[in-house]
Amino acid sequence: MQIIDLSQTISMQMPRFSESAPQPKISAWMSHAQAAESGRYEDCSCEITEVSFITSISTYIDSPYHFVPDGPAIHQISLDQCVLPAICVDVRPQKENQLIGAEFFENLDVAGKAVLIFTGWSRYWGTDAYARYPFIGRAAGEILRDGGAKLAGVDYLAIDNQSDPQRPVHTTLLRAGVLIVENLSGLEALIGREFTFHAAPVKVQGAAAFPVRAYAVVD
């Protein structure tokens, strides 16, 4: 068995879906030094870390509630929606801001699976080019939905073209209960392989999205 990490790291200086979105804040609520000075510990110390971030950040999963006001939120997603047999679709090469053709997804067996879309764009993580990603459109989303996919994952900033206010892929998939994971990395290791995809979020009541530690288990 091989476990392959597919996640980006949350840090205080990292790409976000919008420059207006706040950066994460990570600090010690109680540091080792403070713990040692507190008189509550003997021959040891501990740290308690405080973290603040919006939930659509780093490698994260969208619940239907993200775009469906009466849809299930993060705490209502079942684990069998987050741990799935999966395929990796290699759609390279692609250019900046390019629509990825729906033909890549035709005639694929996606029923009951997570479909991870490998563009190679994760190599630009942390650079200006990361925001100029290629993207799938409504036609590809409809193929995945109609084929019975359970989850779609991408290795770029947002599954939709963010200049399209209709967000056709988010709405097509989430209205059908197909979950979305964005900002994956390391998908090149999965091309042509059978694997199980794991992307379970923390069970936060009412959250529309939440970061995950995404990984693949390859037999």
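Computed quantities for the displayed model
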| read-out | value |
| --- | --- |
| Segment 17-35 versus segment 134-185: alpha-carbon centroid distance in Å | 30 |
| Phi-based couplings in Hz for segment 149-161 (Karplus 6.51, -1.76, 1.60; Gly and Pro marked x) | 4, 9, 7, 10, x, 10, 9, 9, 5, 8, 4, 8, 6 |
| Residue order, fewest to most beta carbons within 10 Å, for Tyr130, Tyr60, Tyr156 | Tyr130, Tyr156, Tyr60 |
| Stokes-Einstein D (µm²/s) once Rh is taken as the Kirkwood radius of segment 13-78 over alpha-carbon pairs, at 37 °C in 0.692 mPa s | 217 |
| Packing-based order for 79-91, 14-26, using average beta carbon neighbours within 10 Å, highest first | 79-91, 14-26 |
| Relative contact order of segment 1-98, pairs being alpha-carbon contacts under 8 Å that are 6 or more residues apart, as % | 22 |
| Order of Ser185, Ser27 under a 10 Å beta carbon neighbour criterion, fewest first | Ser27, Ser185 |
| Value of relative contact order over the chain, rounded to a whole percent, pairs C-alpha under 8 Å and six or more apart | 30 |
| Per-residue Cβ neighbour rank within 10 angstrom, fewest leading, Tyr65, Tyr133, Tyr41 | Tyr41, Tyr65, Tyr133 |
| The chain - mean residue ellipticity at 222 nm from DSSP helices (-39,500 (n - 2.57) per run, n ≥ 4, rounded to 500) | -2500 deg cm²/dmol |
| Stokes-Einstein diffusion coefficient of the chain, Kirkwood radius over Cα pairs, 10 °C, 1.306 mPa s, in µm²/s | 87 |
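All of the numbers you see were taken from the coordinates with simple rules; none came from a lab. Nothing here was measured: the structure is a model prediction, and the numbers come from that model. All Cβ positions, even for glycine, are placed from backbone atoms using ideal geometry, and neighbour counts span all protein chains on display.
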